[in-house]
Ligand SMILES: [Zn+2]
Ligand SMILES: [Zn+2]
């Protein structure tokens, strides 16, 4: 498992899973490979169930109202999944694992997403998770921008909303 939990990869991967939940162990394996994760063992149906539980817990973090609630929910995820950090060099050089060795994929993802989200929020800002501001879109995004002003999931949503607001201003009331 080689996503750097300090970078943007983990929260973007979590958002991808939340926006397009895998429907089978095979699909989950495909999502992981697409994200650049090295799978150390076959993905099993139990991994899918555990991953969907992570996504549920993570979606509640996204939809939390206020920093305190958000922190409480992340802390609950950490308590359920993460172990003390330890150094490992099993591949690609030395890095930290926040889990015990030889865990199934579902447990690895739970620890990775919990820790990656905690690091994202404390380093970039507690408000850096959200849903698209476009009226017709609920897509979740993690704001890893330098300006910290992301409000839309994508350029098409931002453009569509800009056009809509422009028309609303011009129409006589
Ligand atoms: Zn590793
Ligand atoms: Zn959107």
Open item on the list: Considering only residues that are buried (at least 16 other Cβ atoms within 10 Å of the Cβ) and near ligand 2 (Cβ under 10 Å from one of its atoms), which ones fall in the range 99-136?
Closed with: 131, 132, 134
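Considering every residue within the range 37-44, establish whether at least one is within 16 Å of ligand 1 (Cβ to nearest atom) and within 26 Å of residue 153 (Cβ to Cβ). It would help to see each step written out before you state the result.
In the first step, residues of the range 37-44 are kept if they are within 16 Å of ligand 1 (Cβ to nearest atom); the result is 37-41.
Still in the list and also within 26 Å of residue 153 (Cβ to Cβ): 37.
Yes, the range 37-44 contains at least one residue that is within 16 Å of ligand 1 (Cβ to nearest atom) and within 26 Å of residue 153 (Cβ to Cβ).
Filtering the range 27-64 down to residues that are assigned to a loop (DSSP other than H, G, I, E, B) and at pLDDT 95 or above, which residue is farthest from residue 17 (Cα to Cα)?
Step one: of the range 27-64, the residues assigned to a loop (DSSP other than H, G, I, E, B) are 35-44, 63-64.
Keeping just the survivors that are at pLDDT 95 or above gives 63-64.
Values: 63: 16, 64: 18 Å.
Selected residue: 64.
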TODO: Tell me which of these residue 87 doesn't satisfy, since it passes every other one: (1) within 16 Å of ligand 1 (Cβ to nearest atom); (2) within 20 Å of the chain's Cα centre (by Cα); (3) surrounded by fewer than 16 Cβ atoms within 10 Å (Cβ to Cβ).
DONE: (2)
TODO: Write out, first by first residue and then by second, each pair whose Cβ atoms fall under 7 Å of each other, whose residues are 6+ apart or on separate chains, and whose first residue, in the range 125-148, is more than 15 Å from residue 58 (Cβ to Cβ) while the second is exposed (fewer than 12 other Cβ atoms within 10 Å of the Cβ).
DONE: 125/148; 132/138
Task: Meets criteria (under 20 Å from residue 15 (Cβ atoms) and within 16 Å of ligand 1 (Cβ to nearest atom)) for residue 142 - done: no
Open item on the list: Pairs needed: first member in the range 155-172, closer than 17 Å to residue 140 by Cα and within 16 Å of ligand 1 (Cβ to nearest atom); second member anywhere, part of a helix (DSSP H, G or I) and at pLDDT below 90; C-beta distance under 9 Å; at least 6 residues apart or different chains.
Closed with: none
TODO: Mind telling me which of the residues 109, 96, 73 ends up being in contact with a helix residue (DSSP H, G or I) (Cβ under 8 Å, 6 or more places away or on another chain) and within 16 Å of ligand 1 (Cβ to nearest atom)?
DONE: 109
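Look through 74, 38, 11, 62 and report the one residue that is more than 16 Å from ligand 2 (Cβ to nearest atom) and touching a residue at least 60 places away in the same chain (Cβ under 8 Å).
Details: 74 fails: touching a residue at least 60 places away in the same chain (Cβ under 8 Å); 38 fails: touching a residue at least 60 places away in the same chain (Cβ under 8 Å); 62 fails: more than 16 Å from ligand 2 (Cβ to nearest atom).
Only one candidate passes the filter, namely 11.
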TODO: For residues that are touching a helix residue (DSSP H, G or I) at 6+ places or on another chain (Cβ under 6 Å) and in a loop (DSSP other than H, G, I, E, B), scanning just the range 117-157, find the one that is nearest to residue 72 (Cα to Cα).
DONE: 126
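The values are calculated or read from the model by the stated rules, or taken from the named source; none is laboratory data. Please read these numbers as outputs of a predicted model, since none were measured by experiment. For neighbour counting, all protein chains shown are included, and Cβ atoms are generated from backbone atoms with ideal geometry for every residue, glycine included.
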